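Participant: Here it is, the structure in full.
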Amino acid sequence: MSIIIISSDAMEIEETIAEKVAEAMGYSRLGHQILADVAAKYQIDPVKLNEAMETTPSLFKNLSARQWRHYLACVEAEVYDYLLADNIVCWGLAAHLYVTGISHVMKVRVLSGNSRGTMEIAEQKGISLQVVEKLRAGELQQRKKWSLAAYNYDETDLSRYDLVINLDQIDPEEAVKTITGAIEYRKFQVMTYSMKCLSNLALSARVNVTLLKSMADINVQARDGSVVVSTKASARQKRKKIATIKELAGNVDGVSYVEVHVKKNILEETA
């Protein structure tokens, strides 16, 4: 009864390993395919949602920072709801960056190196190994930039993972066996406390989605139905913003109490 989150420096390898692990374990699959459901549920343009998962905000892409944050929050909320079901292999949704502090979640990083998988990709696309490596280097740099902007974490930092597998040293089939073996370790088994932590994160995510529809500078923490929201506002907007946050957050299913902390927005005060 656990959750496995797999990421890689190569999307094709990430998905292949994740699919094989899910099949071997008999676990459910949670991949980028759910983005279409997220777009439909939250009435988001699916093209813009996919763009938000790959690039940072840009005037040239017609994607504001607030929109971007809201789109990412929608994905997070949906991912957390799925993860509450347990026994899941997740990939392609950046969950390794925001699902934190949950002991029954094992995060795996698969390094492609100059593996057979890399050569297979070159053959499938009809391009040279050198071109694949160049494309991958650019992709890796972009993902690093995105992860830092989105969650202030460098996804290439291997210390963030519970298990790191280099396909230069171990073939894909053995990698799958290594992952399925490691998840049996007692640390990754579900406990009442770890499920409660996951439930709290799920509630925080639902509140975050609701608030980010209409405002920015929001930080949400939840615990057993009680929600604490931190935000910024000018002195003249403070009372109104607190009332709005309490009303919106209070209407989210599972919320029993809302507390709002407001810091002065120095830029607005100056203006």
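The values are calculated or read from the model by the stated rules, or taken from the named source; none is laboratory data. Computed from a prediction, not measured in an experiment: that's the story for all the values here. Glycine also receives a Cβ, built like all others from the backbone with ideal geometry; neighbour counts cover every protein chain displayed.
Participant: Using beta carbons and a limit of 6 Å, which pairs, at least six apart or on different chains, have the first residue in region 74-92 and modelled with pLDDT under 95 and the second one hydroxyl-bearing (Ser, Thr, Tyr)?
Facilitator: Pairs that qualify, where the first residue is modelled with pLDDT under 95 and the partner is hydroxyl-bearing (Ser, Thr, Tyr), are Asn87/Tyr27.
Participant: A follow-up question, please. Considering only residues that are among the acidic types (Asp, Glu) and under 16 Å from the mean Cα position of the chain (by Cα), which ones fall in region 1-36?
Facilitator: Passing the criteria: Asp9, Glu14, Glu15.
Participant: Another question, then. From the list Asp81, Asp9, pick out the single residue that is closer than 30 Å to Gln189 by Cα and either β-branched (Val, Ile, Thr) or buried (at least 17 other Cβ atoms within 10 Å of the Cβ) (or both).
Facilitator: Residue meeting the stated conditions: Asp9.
Participant: Here is a further query. Consider only pairs whose beta carbons are under 7 Å apart and that are at least six residues apart or on different chains; among these, list those whose first residue lies in region 101-114 and is on the phi > 0 side of the Ramachandran plot and touching a residue at least 40 places away in the same chain (Cβ under 8 Å) and whose second residue is in a loop (DSSP other than H, G, I, E, B) and surrounded by fewer than 20 Cβ atoms within 10 Å (Cβ to Cβ).
Facilitator: Correct list of pairs: Gly113/Asp168.
Participant: Same structure, new question: In region 161-171, is there at least one residue being surrounded by 14 or more Cβ atoms within 10 Å (Cβ to Cβ) and outside the structural domain of Glu76 (by TED's automatic domain parsing)?
Facilitator: For region 161-171, residues surrounded by 14 or more Cβ atoms within 10 Å (Cβ to Cβ) and outside the structural domain of Glu76 (by TED's automatic domain parsing): absent.
Participant: Say whether the condition of being outside any helix (DSSP H, G or I), surrounded by 15 or more Cβ atoms within 10 Å (Cβ to Cβ), of a type outside the set (A, V, I, L, M) and at pLDDT below 95 is met by at least one residue in region 19-37.
Facilitator: no
Participant: Condition first: within 26 Å of Ile102 (Cβ to Cβ), in contact with a helix residue (DSSP H, G or I) (Cβ under 9 Å, 6 or more places away or on another chain) and among the aliphatic types (A, V, I, L, M). Can you find one or more residues in region 224-241 that meet it?
Facilitator: Yes, because at least one residue in region 224-241 is within 26 Å of Ile102 (Cβ to Cβ), in contact with a helix residue (DSSP H, G or I) (Cβ under 9 Å, 6 or more places away or on another chain) and among the aliphatic types (A, V, I, L, M).
Residue-by-condition table, conditions (1) of a type outside the set (Phe, Trp, Tyr); (2) touching a Leu at 6+ places or on another chain (Cβ under 9 Å); (3) assigned by TED's automatic domain parsing to the domain that holds Thr180:
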{"position": "Met11", "(1), (2), (3)": "yes, no, yes"}
{"position": "Val21", "(1), (2), (3)": "yes, no, yes"}
{"position": "Tyr27", "(1), (2), (3)": "no, no, yes"}
{"position": "Ile34", "(1), (2), (3)": "yes, yes, yes"}
{"position": "Ala40", "(1), (2), (3)": "yes, no, yes"}
{"position": "Gln43", "(1), (2), (3)": "yes, no, yes"}
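Participant: Could you go through region 123-135 and let me know if any residue there is surrounded by 14 or more Cβ atoms within 10 Å (Cβ to Cβ) and in contact with an Asp or Glu (Cβ under 9 Å, 6 or more places away or on another chain).
Facilitator: no
Participant: Still on this model: Considering only residues of region 188-223 that are touching a helix residue (DSSP H, G or I) at 6+ places or on another chain (Cβ under 6 Å) and among the β-branched types (Val, Ile, Thr), which is surrounded by the most Cβ atoms within 10 Å (Cβ to Cβ)?
Facilitator: Val207
Participant: Return only the number of the condition from (1) in contact with a strand residue (DSSP E or B) (Cβ under 6 Å, 6 or more places away or on another chain); (2) buried (at least 18 other Cβ atoms within 10 Å of the Cβ) that Leu248 does not satisfy.
Facilitator: The single condition Leu248 does not satisfy is (1).
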